[in-house]
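**Q** Handing you this structure, nothing more for now.
The values are calculated or read from the model by the stated rules, or taken from the named source; none is laboratory data. Remember, it's a predicted structure, so these values are computed and weren't measured experimentally. Neighbour counts are summed over all protein chains in view; Cβ atoms, including those assigned to glycine, are modelled from backbone coordinates with ideal geometry. Heavy atoms of the whole protein, side chains included, go into the accessibility calculation; ligands, DNA and RNA do not. Shrake-Rupley method; radii C 1.70, N 1.55, O 1.52, S 1.80 Å.
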Amino acid sequence: MRASGILLPISSIPSKYGIGCFSKEAYEFVDQLEQADQRYWQILPLGPTGYGDSPYQSFSTFAGNPYFIDLEGLIKEGLLTERECSECDWGGSDSYVDYEKMYQSRYKLLRKAFERFDCEKDADFSEFVIENSNWLEDYALYMAIKNDQGGTVWIQWPKALKNKEPKAIEKAKEDLAEEIQFIYFQQYYFTKQWNELKAYANKKGVNIIGDVPIYVAFDSADTWSNPALFQFDEDHQPKTVAGCPPDAFSATGQLWGNPLYDWDYHKHTGYTWWTQRMVHCMARYDVARIDHFRGFDEYYAIPYGDTTAENGKWEKGPGLELFKILKARIKNLNVIAEDLGYLTESVREMLEGTGFPGMKVLQFAFDDTENSSYLPYKYEKNCVVYTGTHDNETTKGWLEGLQGHDITFVREYINCYDQPINDCVWGLIRVALASVADLAIIPLQDYLCLGNEARMNAPSTLGDNWKWRLTKGQLSDITLYTMRELTRIYGRNRKEEPERKEEPEKEKTDRSLLDEETIEIPERVS
């Protein structure tokens, strides 16, 4: 069924107190999506962020970002006061997140709320801790030790803690018991509020597309708790790290620095960790966009310690085998494959074998050859088209930077010869919506015709990323009406969609998503 949706990170919602969160404004945005006849809301990864504030460098692939907890919700529950929240310094702009101020203020308030919360008497809290113990215990202990060690990465911890020696771990659990409970509290409220928001969106006919980074951060509970999953030496140092080879965009390639998986070990364990991860994702989202999909076919391995990606080499990944196992084990595994970039024949075969839709980005379509695979007339139905992604310039910013043949070709293609740039932005949105792609996702910045001041991320840069926010009232009723009309014109509306039955507020458990016919997976990998 043809459909359309919007890309907008949670952090970009115009909530109070410095950053977008699971607040009433998030519910209002869902209402706006329904008003505009949009059936999908795509977000960025929800994990807790570390250095650089990137959602793709998270302290855990299972945990949620405490920044997204709605403080107004805590006020309503009597755990905070409005005065306490208002007295904090959230930065000087409603248009951009000040992450330094966020770090200084948000955790201070969450700790006050925790001190007023009765963990022992709250049955829902206790149930949450038990149900999520397979990842929550390791994550909470990791963060408690990390905080106690001044924020240093686990490889720099005392040897006994780094290596998880039993006596040292038991002592840490005892010494840091209150801090561990505080982290449980954060994850409980993150999950509680997110489940409520997602249930509301689903009730309104809006599905959530989550984002799953292929790799985890080295500074994470995932690597510390399960080092055997990664290509580490005996001292837990990476042997190789992730990145991309040199190309036309970068003479030295891209050095991401994430640890690489030991795929032989994953295969030996029956891909248990990946099963746990994707079960968790399908409980949290309706659809999961898996980042850097080609890395499952072949991945680029760069020697650890190199300062560029020039000396890396391609290594073989698990390929289709992994996804056959995941599809056999997990009910309704609903995935979008981020298959951007240079694709080999084996990557295409893997994607075809999964049946997952790939991605098409219009900003990649207009080159000198006039023969790009991203040109809409080359699409198949089983794909998702974007004007741009979170890593691209906004469409207006991109158009303003085009010169010569490229801008001429764009204008010719969309029949927008002498019109202003904003008209060209709308022309490209129309091209995306008119294409045969089953799903069209448009970044909200493009519907608002915003320039690069609203860009979300410029890859391989630090300092100005992940900050942009929508301001209150910026998304007008006129824009919503136009979105709805375009959705109708290009056959992506909800016509004759069966009435949705109301679902209970409490989200299904992770383990209910496992196929009953498959072998039960263990609780954790050791």
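**Q** Collect the residues in the range 163-178 that are assigned to a helix (DSSP H, G or I) and surrounded by fewer than 18 Cβ atoms within 10 Å (Cβ to Cβ), keeping them in residue-number order. Full working, then the answer.
**A** Let us first name the residues in the range 163-178 that are assigned to a helix (DSSP H, G or I), namely 166-175, 177-178.
Residues satisfying the conditions are P166, K167, A168, I169, E170, K171, K173, E174, D175, A177, E178.
**Q** Please list, ordered by first then second residue, the pairs with beta carbon atoms under 6 Å, 6 or more apart or interchain, first in the range 354-380 and farther than 21 Å from K396 by Cβ, second small (G, A, S) and open to solvent by less than 60 Å² (accessible area, probe 1.4 Å).
**A** F356/A337; G358/A337; Y379/S435; Y379/A437
**Q** Would you confirm whether any residue within the range 493-510 is at pLDDT below 95, closer than 30 Å to Y56 by Cα and in a helix (DSSP H, G or I)? Spell out the reasoning first.
**A** Here is the first cut: in the range 493-510, the ones at pLDDT below 95 are 493-510.
Within this subset, residues satisfying the condition of being closer than 30 Å to Y56 by Cα are 505-510.
Next, only the ones that are in a helix (DSSP H, G or I) stay: 510.
Yes, that holds for at least one residue.
**Q** Among the residues of the range 1-31, which ones are surrounded by fewer than 21 Cβ atoms within 10 Å (Cβ to Cβ), part of a helix (DSSP H, G or I) and not basic (K, R)?
**A** Those that are surrounded by fewer than 21 Cβ atoms within 10 Å (Cβ to Cβ), part of a helix (DSSP H, G or I) and not basic (K, R): E25, Y27, E28, D31.
**Q** Tell me whether the range 36-52 contains one or more residues that are open to solvent by 10 Å² or more (accessible area, probe 1.4 Å), assigned to a helix (DSSP H, G or I), modelled with pLDDT of 95 or more and not aliphatic (A, V, I, L, M).
**A** No: zero hits.
**Q** I've got another one for you. What's the number of the condition G205 fails, among (1) part of a loop (DSSP other than H, G, I, E, B); (2) over 24 Å from E315 (Cβ atoms); (3) open to solvent by 30 Å² or more (accessible area, probe 1.4 Å)?
**A** (3)
**Q** Next up: Limited to the range 293-309, what total is found for residues that are assigned to a loop (DSSP other than H, G, I, E, B) and open to solvent by 20 Å² or more (accessible area, probe 1.4 Å)? Outline the logic, then answer.
**A** Initial filter on the range 293-309 (assigned to a loop (DSSP other than H, G, I, E, B)): 297, 304-309.
Next, from what is left, pick out any that are open to solvent by 20 Å² or more (accessible area, probe 1.4 Å): 304-308.
Adding up the residues that qualify gives 5.
**Q** Right, another one. Report, ordered by the first and then the second residue, all pairs with beta carbons closer than 7 Å, sequence separation of six or more or different chains, a first member in the range 66-95 that is without any contact (Cβ under 8 Å) to a residue 60 or more places away in the chain and open to solvent by 50 Å² or more (accessible area, probe 1.4 Å), and a second member that is in a helix (DSSP H, G or I) and of a type outside the set (D, E, K, R).
**A** Pairs that qualify, where the first residue is without any contact (Cβ under 8 Å) to a residue 60 or more places away in the chain and open to solvent by 50 Å² or more (accessible area, probe 1.4 Å) and the partner is in a helix (DSSP H, G or I) and of a type outside the set (D, E, K, R), are T81/I75; E82/I75; D89/S105.
**Q** From the list Q181, Q193, Q187, which one is open to solvent by less than 10 Å² (accessible area, probe 1.4 Å), in contact (Cβ under 8 Å) with a residue 40 or more places away in the chain, not basic (K, R) and not in a loop (DSSP other than H, G, I, E, B)?
**A** Exactly one of Q181, Q193, Q187 is open to solvent by less than 10 Å² (accessible area, probe 1.4 Å), in contact (Cβ under 8 Å) with a residue 40 or more places away in the chain, not basic (K, R) and not in a loop (DSSP other than H, G, I, E, B), namely Q187.
**Q** I want to confirm something. Restricting to the range 253-280 and keeping residues that are part of a strand (DSSP E or B) and among the hydrophobic types (A, V, I, L, M, F, W, C), which single residue is nearest to S220 (Cα to Cα)?
**A** Narrowing the range 253-280 to residues part of a strand (DSSP E or B): 254-259, 261.
Still in the running and among the hydrophobic types (A, V, I, L, M, F, W, C): 255-256.
Details: L255: 18, W256: 15 Å.
Applying the filter and picking the extreme gives W256.
**Q** Taking the range 384-410, which residues are closer than 16 Å to S372 by Cα, of a type outside the set (V, I, T) and out of contact with any Ser or Thr (no Cβ under 7 Å at 6 or more places or on another chain)?
**A** If the condition is that a residue be closer than 16 Å to S372 by Cα, of a type outside the set (V, I, T) and out of contact with any Ser or Thr (no Cβ under 7 Å at 6 or more places or on another chain), then Y386, H405, D406, F409 are the ones that fit.
**Q** With the checklist (1) in a helix (DSSP H, G or I); (2) under 20 Å from R277 (Cβ atoms) in hand, flag the one item E352 doesn't pass.
**A** (2)
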